[in-house]
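Colleague: Shown below is the structure under consideration.
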C-alpha cells in the first residue's frame, strides 16, 4: 500500500519579483513500511522536501498525499492536527527542551492529545524502553551523551505511534559509534515495528541502512 504520493511537486521561494526554484516536478511514491534515504549536495532541496512531507512547508504547486489525505489543501489548524496524528520528526540537533527530563520531553507531543495521564505514562515508558533508555527517564539532556539525546528525540518521535518518521540528518552531530547506534535503532523501528521512515543524510554509511536511496540534485529527484 502506498503511504506517500507526491505528484508534480514544485517549490519556489520568492525574493521580491525573483523566483528561486528549490524543487521542480517531483514525483515520488513511498510504500507503507519503506525505509528511504534522500541524499544530495547542500542546497539540493532535501530538507525542503522533508518539510513538505511533514506539512511544515507548502508546495508552490502539485500535491502531497500522505495516508490518503492531500495535505497541500489543508488549513494550518487542520495541518497541526494531522501532524500530531501522523508525523514523527527527528532533527540533527535533537531539539530537546533543556529544562525538561527525558520523560517530560517524550511526553510533550502527547499533551496535545486526549490521553489520560496514566495512558501517557504507558506510552512514554514504552517509547523510552524501545530506544534503550528506560533507566534514564529522569535525566536532563545535559546529563546525557549526544547519542542518548538523539535516542530521546526518537522516543519523542514514536510516542504517538505516527504513520511516518521523518529524520533530517539524524547522525549529523554524532561520532561514528553513536551514529551507527542511531541508524541501527531506526532500522529496528522499520523492521520490527513496521515504521515507514524517510531520512535526509550526507553520510553514505547512514544511507546504507535504508532500503532505497534517492538522490536530489538542483531540485530534481534522480
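Colleague: Please enumerate the residues belonging to region 53-79 that are assigned to a strand (DSSP E or B) and crowded, with 19+ Cβ neighbours inside 10 Å.
Modeller: 64, 66
Colleague: Could you list, in sequence order, all residues of region 73-84 that are touching a residue at least 12 places away in the same chain (Cβ under 8 Å) and either within 16 Å of residue 109 (Cα to Cα) or within 18 Å of the chain's Cα centre (by Cα) (or both)?
Modeller: Result: 79, 82, 83, 84.
Colleague: Spot the failing condition for residue 171; the list is (1) touching a helix residue (DSSP H, G or I) at 6+ places or on another chain (Cβ under 7 Å); (2) in a helix (DSSP H, G or I), and only one is missed.
Modeller: In the conditions (1) touching a helix residue (DSSP H, G or I) at 6+ places or on another chain (Cβ under 7 Å); (2) in a helix (DSSP H, G or I), residue 171 misses (2) alone.
Colleague: Separate question: Quick check, is residue 108 assigned to a strand (DSSP E or B) and either touching a helix residue (DSSP H, G or I) at 6+ places or on another chain (Cβ under 9 Å) or without any contact (Cβ under 8 Å) to a residue 60 or more places away in the chain (or both)?
Modeller: Judged against the criteria, residue 108 is not a match.
Colleague: Can you name every residue in region 29-52 that is assigned to a loop (DSSP other than H, G, I, E, B) and surrounded by fewer than 20 Cβ atoms within 10 Å (Cβ to Cβ)?
Modeller: Matches in region 29-52: 32, 33, 34, 41, 42, 43.
Colleague: Follow-up. Just to be sure before I move on: is residue 152 in a helix (DSSP H, G or I), within 23 Å of residue 85 (Cα to Cα) and either in contact (Cβ under 8 Å) with a residue 60 or more places away in the chain or touching a helix residue (DSSP H, G or I) at 6+ places or on another chain (Cβ under 6 Å) (or both) in the structure I sent?
Modeller: Yes: the conditions hold for residue 152.
Colleague: Still on this structure, please answer the following. Any idea which of 26, 6 is closer than 25 Å to residue 194 by Cβ, under 21 Å from the mean Cα position of the chain (by Cα) and in a strand (DSSP E or B)?
Modeller: 6
Colleague: Looking at 100, 111, which one is within 27 Å of residue 125 (Cα to Cα), over 16 Å from the mean Cα position of the chain (by Cα), modelled with pLDDT under 90 and surrounded by fewer than 21 Cβ atoms within 10 Å (Cβ to Cβ)?
Modeller: Checking each option against the conditions leaves just 111.
Colleague: When region 179-208 is examined, which residues are found to be in a loop (DSSP other than H, G, I, E, B), modelled with pLDDT of 90 or more and surrounded by 18 or more Cβ atoms within 10 Å (Cβ to Cβ)?
Modeller: 195, 201
Colleague: Moving to a separate point now. I'm trying to understand the selection: among the residues of region 162-178, which are within 17 Å of residue 4 (Cα to Cα) and either modelled with pLDDT of 90 or more or crowded, with 20+ Cβ neighbours inside 10 Å (or both)?
Modeller: Once the filter is applied, which keeps residues that are within 17 Å of residue 4 (Cα to Cα) and either modelled with pLDDT of 90 or more or crowded, with 20+ Cβ neighbours inside 10 Å (or both), region 162-178 yields 162, 164, 165, 166, 167.
Colleague: Looking at region 80-105 only, could you name the residues that are part of a helix (DSSP H, G or I), in contact with a helix residue (DSSP H, G or I) (Cβ under 8 Å, 6 or more places away or on another chain) and under 16 Å from residue 158 (Cβ atoms)?
Modeller: 84, 102, 103, 105
Colleague: Answer with yes or no whether residue 156 is buried (at least 16 other Cβ atoms within 10 Å of the Cβ) and more than 15 Å from residue 203 (Cβ to Cβ).
Modeller: yes
Colleague: Being touching a residue at least 60 places away in the same chain (Cβ under 8 Å) and over 13 Å from the mean Cα position of the chain (by Cα) is the filter here; which residues of region 167-189 pass it?
Modeller: Selection gives 172, 173, 187.
Colleague: Please work out if residue 222 is in contact with a strand residue (DSSP E or B) (Cβ under 8 Å, 6 or more places away or on another chain) and surrounded by fewer than 18 Cβ atoms within 10 Å (Cβ to Cβ).
Modeller: Yes, satisfied.
The values are calculated or read from the model by the stated rules, or taken from the named source; none is laboratory data. Here the structure is a predicted model, which means the values were calculated and not measured. All Cβ positions, even for glycine, are placed from backbone atoms using ideal geometry, and neighbour counts span all protein chains on display.
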